[in-house]
Amino acid sequence: MSDRLAPEPLPRRDVLGLAGLWSAAIAIVGSLIGMSRLPKPSVLPESGRRFRIGRPEDFPEGTEEVLTEEKVLVRRTPQGVAAISLVCTHLGCIVSKDASGFGCPCHGSHFGRNGEVGGGPAPRGLRWLEVTQGVDGRLVVDADREVQPGTWCEV
Ligand code: FES
């Protein structure tokens, strides 16, 4: 006989059945969360980004400097200063500079020295970004404004 203060224990079969139902529910919810994240690349270029990179004299001729946080390579030649995005055009991973250009660690795309596609799944070359000189003399990169490869900011 049971009362409210000492209820009868659940039969073992019911406990196992409830545990099975909870496990199935957790697995389904976990799968749905995982599936909702699947189509998104893990790294996306940010939008609305303009940033100062320094003064022209900070980049002497022949300089190639990777700005890790900004995800760009700044190159200075006799023609001027250019910024090449390091965001892979396949799914947005960050490429790294190598001896012959740039390589993507995610799916193996390779880009030439000027960002042109050399192989792999990337559909197009790396983006060249607009570089301008601000009124204070410092160089500004606009990550939202793509320019033709080979476009230099003359400084
Ligand atoms: S993200 Fe670079 S090759 Fe896929």
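The values are calculated or read from the model by the stated rules, or taken from the named source; none is laboratory data. Bear in mind the structure is a predicted one, so any value in this text is a computation, not a measurement. Methodologically, a virtual Cβ is constructed for each residue, glycine included, from the backbone with ideal geometry; neighbour enumeration extends over all protein chains shown.
Would a scan of the range 143-152 turn up a residue that is basic (Lys, Arg) and under 21 Å from Glu61 (Cβ atoms)? I'd like the intermediate steps shown before the answer.
Of the residues in the range 143-152, the ones basic (Lys, Arg) are 145.
Cutting the leftovers down to under 21 Å from Glu61 (Cβ atoms) gives us none.
Among the residues of the range 143-152, not one is basic (Lys, Arg) and under 21 Å from Glu61 (Cβ atoms), which makes the answer no.
Given the criteria in contact with a Leu (Cβ under 8 Å, 6 or more places away or on another chain) and surrounded by 20 or more Cβ atoms within 10 Å (Cβ to Cβ), does Ile84 qualify? Steps first, please.
On the way: in contact with a Leu (Cβ under 8 Å, 6 or more places away or on another chain): yes; surrounded by 20 or more Cβ atoms within 10 Å (Cβ to Cβ): yes.
For Ile84, the condition - in contact with a Leu (Cβ under 8 Å, 6 or more places away or on another chain) and surrounded by 20 or more Cβ atoms within 10 Å (Cβ to Cβ) - is met.
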Filter the range 59-95 for residues that are over 13 Å from Trp128 (Cβ atoms) and either free of Cβ contacts under 8 Å to residues at least 24 places away in the same chain or among the aromatic types (Phe, Trp, Tyr) (or both) and give the result. Phe59, Pro60, Glu61, Gly62, Thr63, Glu65, Leu67, Thr68, Glu69, Arg76, Pro78
Reported set for the range 99-115 where residues are surrounded by fewer than 18 Cβ atoms within 10 Å (Cβ to Cβ) and touching a Pro at 6+ places or on another chain (Cβ under 7 Å) is His107, Asn114
Between a residue in the range 133-155 that is farther than 14 Å from Arg50 by Cβ and any residue that is polar (S, T, N, Q) and assigned to a loop (DSSP other than H, G, I, E, B), which pairs come within a Cβ distance under 6 Å, given they are 6 or more apart or on different chains? Pro149/Asn114; Trp152/Gln79
Unique match (being out of contact with any Asp or Glu (no Cβ under 9 Å at 6 or more places or on another chain) and either at pLDDT below 95 or in the same structural domain as Phe59 (by TED's automatic domain parsing) (or both)) among Gly80, Gly120, Gly101: Gly120
